[in-house]
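Participant: Below is the structure I would like to discuss, written out as structure tokens.
No value in this document is a laboratory result; all are computed from the given coordinates. From a predicted model like this one, the values you see are computed outputs, not experimental measurements. Cβ: placed from backbone, ideal geometry, glycine included. Neighbour counts: every protein chain shown.
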Amino acid sequence: MSPNEPFKWSAFFSIFESEHDPLTKLFNRRAGKQLLNIMIADANKNNNQLALLLIDLNGFKQINDNHGHDVGDKVLIEVSNRMQATMRKEDVLIRLGGDEFIIAIIPKVGNPNEVNHVIDKLLEQLSNGVIMQNNLVISMGESIGIASFPQDEKDIETLMASADTAMYQAKNSGKNCASFFRNE
């Protein structure tokens, strides 16, 4: 584009729409995986760690079934806003689809408790019900699976699979909790 050519907003919005979830405006699965690959490459290059949190909302299907998809959509928007409020600007939040999200965190060197702090904030933020119109309170829980690079896996696909395994460990532990991947 030349300096005299006007900026084309339609091209900008087209790129945004192709990389973001239309409901929550978070990065979508495709763009998120690309970002995660970049984060892993950067962590590998700089000898850093990366924590991948896979978050699944417990009982979300019942919210849609009992209250309708409009209420479910509002819950997803509120949950994504709450998750964003717990994050630092360098963290990445992705909506995989449905009621599954990923948060990627690069902990600061020398602060191993940083990931635990984010998890505690997430569990606290998501434990409060979502107040809808007519003072209807929608309650749900969450299960969080955590895997880390380079300890658990070396690439994004296996890292996500490990976080998924840990998330099911959290669900089997009574839900509304987090579980770190254990390679057993």
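Participant: Would you mind calculating the gained length between K45 and N116 on full extension (0.36 nm times residue separation, minus the Cα-Cα distance), in nm to one decimal?
Facilitator: Numbers: separation 71, 0.36 × 71 = 25.56 nm, distance 2.44 nm.
Gain on stretching K45 to N116: 23.1 nm.
Participant: With 10 angstrom as the radius, rank I105, I131 by how many other C-beta atoms surround their C-beta, starting from the fewest.
Facilitator: Listed from fewest to most nearby Cβ atoms, that is I131, I105.
Participant: Something else now. Can you tell me what share of the DSSP beta bridges in the stretch 24-180 is antiparallel? A percent to the nearest 5 is fine.
Facilitator: Taking every DSSP beta bridge within the stretch 24-180, about 80 percent pair in antiparallel fashion.
Participant: Is the shape of the stretch 54-149 best called rounded, prolate or oblate, per the rule: a/c under 1.5 gives rounded, else a/b larger than b/c gives prolate, else oblate, with a ≥ b ≥ c the square roots of the Cα gyration tensor eigenvalues?
Facilitator: Verdict is prolate for the stretch 54-149.
Participant: Around A170, what is the net charge, scoring Lys/Arg as +1 and Asp/Glu as -1 over all other residues with Cβ under 9 Å from its Cβ?
Facilitator: 0
Participant: Report the full-extension gain for the segment N81 to E100: residue separation times 0.36 nm, less the Cα-Cα distance, to one decimal in nm.
Facilitator: My answer for the length gained is 5.4 nm.
Participant: Send over the per residue convex hull volume for the chain, Cα only, as a whole number of Å³. Intermediate results must be reported in sequence, preceding the final value.
Facilitator: Numbers: hull volume 27.1 nm³, N = 184.
Cα convex hull per residue, to the nearest whole number: 147 Å³.
Participant: What's the center-to-center distance, using Cα atoms, between the stretch 157-184 and the stretch 31-60 in Å?
Facilitator: Each part's Cα centre sits 15 Å from the other's.
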